[in-house]
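Visitor: One structure, as structure tokens, below. Some questions next.
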Amino acid sequence: MAKKTISPTRMELTRLKTRLRTATRGHKLLKDKRDELMRQFMEIVRRNRELRTRVDEGLSTANHSISVASAIMSPEVLEQALLYPRQRVEFGMTQRNVMSVHVPVYEFNTELDDPSAIFPYGFAQTSGELDDALTALADVFRDMLELAQVEKTMQLLAAEIERTRRRVNALEYVMIPEMQTNIKYITMKLEENDRSTKVRLMKVKDMILKEAGYVN
């Protein structure tokens, strides 16, 4: 039922029809945005699954190697070997736009291009397992950084999908039906007023004709 505050005028009818057209276009655009966000989200979920598997495997390999190295080397020698790292890493973050959602892009650069810079020790007193552990950690580091990026992107996209879904539902189940009901109400009122006006005009015409003697 239309709201009682609605004025059944042609101006109000025109205004409501304009709003309905705008709301209908907005509803379609929001549905398209929601669908595209869902598609992007599912792609990122698949990428997240791949990265998590690789990171788990890489960390498992590194943990196994460091456990073996700890069993072979004394704690003092192990601590001394890792005390002064040679390689330095600089982190940076930019953003990219995914359907009006600004998601992070993490990146890092190493100070030294030498791959052996990940080993901050000489090889005389350390075990090969320690080398394997650091190599595994270096290999998995990029995947860990991308995994963090992907998981943050998933959080942001999920929040935007929920906001878009609420807007779509509000338009589809509340605003558009309410405007359609109000338009129908005003149209019926205007038609009723037109009929009443025609009846009054016909009566006035009959009265005039009677007074003029054209009708007995």
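Visitor: Could you tell me whether Glu57 is open to solvent by 70 Å² or more (accessible area, probe 1.4 Å), at pLDDT below 95, over 33 Å from the mean Cα position of the chain (by Cα) and among the charged types (D, E, K, R)?
Guide: Criteria not met by Glu57.
Visitor: How many residues, within the stretch 65-92, are touching a strand residue (DSSP E or B) at 6+ places or on another chain (Cβ under 8 Å) and surrounded by fewer than 10 Cβ atoms within 10 Å (Cβ to Cβ)?
Guide: Of the residues in the stretch 65-92, 3 are touching a strand residue (DSSP E or B) at 6+ places or on another chain (Cβ under 8 Å) and surrounded by fewer than 10 Cβ atoms within 10 Å (Cβ to Cβ).
Visitor: I'd like to know if the stretch 179-202 contains one or more residues that are open to solvent by 50 Å² or more (accessible area, probe 1.4 Å), assigned to a loop (DSSP other than H, G, I, E, B), free of Cβ contacts under 8 Å to residues at least 40 places away in the same chain and of a type outside the set (A, V, I, L, M).
Guide: No - not one qualifying residue is present in the stretch 179-202.
Visitor: If a residue must be open to solvent by less than 50 Å² (accessible area, probe 1.4 Å) and either acidic (Asp, Glu) or within 23 Å of Asp56 (Cα to Cα) (or both), how many such residues does the stretch 107-147 contain?
Guide: Result for the stretch 107-147: 13.
The values are calculated or read from the model by the stated rules, or taken from the named source; none is laboratory data. This structure is a prediction, so every number in the text was calculated from the model and none was measured. Reconstructed Cβ throughout: ideal geometry from the backbone, glycine too, with neighbour counts over all protein chains shown. When the accessible area is computed, the model is the full protein with side chains, heavy atoms only, and any ligands, DNA or RNA have been set aside. Shrake-Rupley method; radii C 1.70, N 1.55, O 1.52, S 1.80 Å.
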